[in-house]
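The next block holds one structure in the form of structure tokens; read it before the comments.
The values are calculated or read from the model by the stated rules, or taken from the named source; none is laboratory data. Just so it is clear, the model here is predicted, and its values are computed rather than measured. Here the Cβ positions follow ideal geometry from the backbone for every residue, glycine too, while neighbour counts run over all protein chains shown.
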Amino acid sequence: MLKIAAIQMTSGPHLDGNINTARRLIGEAVAQGAKLVLLPEYWPLMGMHEQDKTHLAASPKAAHMIEFMAEQARSHGIYLIGGTVPLVSPETSKVFNTTLVFDAQGQQVARYDKIHLFGFTKGAESYQESNSIVAGAEPISFTAQGEFGACKVGLSICYDLRFPELYRSFGPTDLIVVPAAFTYTTGSVHWEILLRARAIENQCYVLASGQTGHHPNGRHTWGHSMLIDPWGKIVAELPEAEGVVGGEINTDLLQEVRRNLPALQHRVLA
């Protein structure tokens, strides 16, 4: 069995403070036995202005942010899925919103640039990620390997959760990860339902890591980081506050669900 954990944070506009929080919570996850740890979307920075992430991506601090993740993976001997970080894009006023994955030696083994960009307007609440982010184009998965065996992991980010065709593109997968910063407005109604649907229809584990609470920039995020099993059952959940939540990937259960209900073999439409 592979022990996994999601980190829940209330990130702010200061990189160093966010790094210190991430370091502490990664340490807690490792102390609980986790060998794969997931950070939330925007963990290094929830800026006061949209262009703050563009400035971070273009600054020397970006290298520090990436080296921190590599060092944490290496020093703890874990797979670290780095939530999302802003990386330089071909458009000078925009960034990629990117998940970087590091193995137990601190080597980068995968990169996924968020494909679906969030757009939402309801009254005074409005978000348009396309104003400051360039969309990715390629679905990405990787295989974590260790004394626990092999685990195929599909990468996705927040708003991707609403697009089931992305997850179908991975093929049979052991684990889907969803680092997120779901708004309170949408998360309170849609978050759990969408996560459980992705687990049920793909018959795999889903590990979701969220931002939570009130941020200095005025955003209010939903939290409720959780682990869901292939039958759609919530194994563990952290409703609010910063912290760690997780559990184990039970390959026997995964195989049992697929054997009892071979829905993946019954697909007709590609």
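When Thr186, Thr221 are checked against the criterion of being closer than 18 Å to Phe120 by Cβ, in a helix (DSSP H, G or I) and within 18 Å of the chain's Cα centre (by Cα), Thr186 stands alone in meeting it.
Here Glu67 passes the criteria (1) touching a residue at least 40 places away in the same chain (Cβ under 8 Å); (2) under 22 Å from Gly17 (Cα atoms); (3) of a type outside the set (Phe, Trp, Tyr) except the one numbered (1).
Matching residues to (1) in contact with a helix residue (DSSP H, G or I) (Cβ under 7 Å, 6 or more places away or on another chain); (2) of a type in the set (A, V, I, L, M):
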site: Val101; (1), (2): no, yes
site: Gly106; (1), (2): yes, no
site: Val109; (1), (2): no, yes
site: Asp113; (1), (2): no, no
site: Gly123; (1), (2): no, no
site: Glu129; (1), (2): no, no
site: Ile133; (1), (2): no, yes
site: Phe142; (1), (2): no, no
site: Gly146; (1), (2): no, no
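Is it the case that the stretch 228-235 has a residue that's out of contact with any Gly (no Cβ under 6 Å at 6 or more places or on another chain), in contact (Cβ under 8 Å) with a residue 60 or more places away in the chain and over 30 Å from Ala57 (Cβ atoms)? No, the conditions are met nowhere in the stretch 228-235. Testing Asp174 on (1) without any contact (Cβ under 8 Å) to a residue 24 or more places away in the chain; (2) charged (D, E, K, R); (3) under 25 Å from Phe148 (Cβ atoms), one condition comes back false. Which one is that? Answer for Asp174: the failing condition is (1). Residues of the stretch 204-218 being surrounded by 24 or more Cβ atoms within 10 Å (Cβ to Cβ) and either over 17 Å from the mean Cα position of the chain (by Cα) or more than 21 Å from Leu155 (Cβ to Cβ) (or both), which ones? Once the filter is applied, which keeps residues that are surrounded by 24 or more Cβ atoms within 10 Å (Cβ to Cβ) and either over 17 Å from the mean Cα position of the chain (by Cα) or more than 21 Å from Leu155 (Cβ to Cβ) (or both), the stretch 204-218 yields only Thr212.
Please find, within the stretch 234-270, the residue that is surrounded by the most Cβ atoms within 10 Å (Cβ to Cβ) out of those that are within 19 Å of the chain's Cα centre (by Cα), part of a loop (DSSP other than H, G, I, E, B) and not aliphatic (A, V, I, L, M). The extreme case among them is Glu242. Pairs linking a residue in the stretch 134-149 that is closer than 16 Å to Leu80 by Cα to a residue that is modelled with pLDDT under 95 and among the hydrophobic types (A, V, I, L, M, F, W, C), with Cβ atoms under 9 Å and 6 or more positions apart or on different chains, are Phe148/Met1.
Remark: pairs (first residue in the stretch 192-203, among the acidic types (Asp, Glu); second residue crowded, with 19+ Cβ neighbours inside 10 Å and modelled with pLDDT of 95 or more; Cβ separation under 7 Å; 6+ apart in sequence or on different chains) = Glu192/His224.
Kindly evaluate Ala29 against the criterion of being under 17 Å from the mean Cα position of the chain (by Cα) and touching a residue at least 24 places away in the same chain (Cβ under 8 Å). Yes, satisfied. Scanning the stretch 155-175 for residues that are closer than 22 Å to Leu80 by Cβ and touching a Phe, Trp or Tyr at 6+ places or on another chain (Cβ under 9 Å) turns up Leu155, Ser156, Ile157, Cys158, Asp160, Leu161, Thr173, Asp174, Leu175.
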